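So the structure is just underneath, and the comments pick up after that.
Nothing in this text is a laboratory measurement; each read-out follows from the coordinates by a stated rule. Source: prediction; values computed, not measured. Positions of Cβ are backbone-derived with ideal geometry, glycine not excepted, and every protein chain shown enters the neighbour counts.
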Amino acid sequence: MSKDHPADGLADRGMASAVPEPDAESVGVAGAVTGTVTQVARRKPVRFTLKLLLFALVLWLFVLPVIPGFRKALTELRDVQPMLLVVGLGLQVAAFYSYSLLTKAALGEAGRAVSPMRMFRIQMSTKAMSLIVPGGSAAGPALGYRLLTLSNVSGPDAGFALATAALGSAVVLNLIFWIGLLVSIPRRGVNPLYGTAALAGILLMMLAGFLVFGLLEGQGRAERALRWLARKFRFDEDRVAEVIRQIGERLAQLISDRALLRRVVAWAAANWMFDAVSLWVFLRAFGQSLDFDGLIIAFGLANIVAVIPITPGGLGIVEGVYIPTLIGFNLSRSVASLGVASYRIAQLFFPILLGAILYLSLRVGPFRIERREERLRPLRDLAQDDDVTRETRVEFVLRAGREKDEHDRRPIDVAGESGLPPGPHAPP
C-alpha cells in the first residue's frame, strides 16, 4: 500500500492507540525499582567487606593484645621450624581420624555398613558443623546422626554410637588427666595454677559417679539427692535425672561389652594422645620443649574447660587456660602464645575448611551419599537454620536415648532391625 492510503492511517492510529506510550511516572517508578535492586546487589559485597575489615580491626586491637607476649612473639617467627608445623598438622589429622574410628567402633556390628573413609568424612563434617554454630548446640551430632542413617545405619545405632563415642572420649580424657596429676604432683608439688581446678574436677567426677551408680542400682536416695541439687541450681530436675540415667545406662552397656570397651578406650586414647603430641610439636616448632607431665596437665585442663558450652570449641576460653599454664611450666610467653595460636589454628580453623570439603564430597561427586530423595543441604545453610541449631546437646542425648530404648524393647524383625530398606554397603 502507498503511504497516503487511508487504511494505512487507520492502522497507524490503531497501533498507536493499542500500545500506549509509558508516562513519566511509570518510567520513574521502573527506574527507581531497577536502581534499588542494583544498589542492594552492590551493597552486599560492600557490607561483607566492611564487616571483614571491622572484624580484623577488632581482632588486632582488642583480642591479640590480650594474649600475653603475642606482639613480641611476632618478631620471633623467623626462628620457626616449618617442618615441625607440618608434622603438628599431620598429628591433628591423625587425631581426627582416630575419633572417626572411635565412632565406628562404637557402632559395633552396624559399623560394617560404613567404610573407615566414609566415617572420617562424616566425622569431619560433624566437627565442622559443631565449630560454626553456637556452643551447646547439637547441630553437629544431629548432622552426624543424619549422615550415618543415610549410610544404612539404623537411627538407634547411630545415636548410641555418637553418644558412646563422646562419653568414652570424656572418660578417657579424665583418666589421662589424672595420670598426669599422679606423675606431676610428686615431682613438682601442687601447682596453684592447676591444683584447685584439678581437685574440683576430681570431686565433681566422683559426685557424678556416685549419682550414676545410685541411679543404676535403683536407689531412691540417690535420685532424691540429684533432684535436690537440680532445684538448688534452678535446673529442670526431671531432665537432669533423665540425662544422668541415660549416661549411666550407656556406661553400663559399654562396660558389659568388654570387646566394645577395649576398642572404644583404645581409639579414644589414640585420639587424645595424637592431639596432645600435636600441641607438643607446635610448641617445639618455636624452639622450646615441655615435659610430659606438664604437657598432660595443660592439655587436660584446657580440654576439660572446653566442655563448657560457651563458645564453639572453647574459642577464647581454652587459650586463656593454655597460655598461663604453659608459662607456669617454664615456657616463655612468646613461645606459649605462638605455639598455642598455631595449635588452635590446626585444631579449630583447619577442621572447618577440611570438613566443608569432605561434606561437599558427601553431597556431590562419585562418592556422594546415593539416596537421591534425601539430598543434603549446603553446610552454610544448615548452620543458619534455626530448626537445626535450636536443639541442645542435652536434648539430643535424651532423644537418642529414647530411640535406643524403644528400639531395644521392639520385637526382633526377622527381615532386619534397621528399619531401612536393604541395600549394598556404602561406597568409601
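Potential lengthening of the chain between Leu229 and Asp257 amounts to 6.9 nm, from the contour at 0.36 nm per residue minus the alpha-carbon distance.
Once the C-beta distance of Leu182 and Met206 is scaled by a Förster radius of 22 Å, the resulting FRET efficiency is 0.90 to the nearest 0.05.
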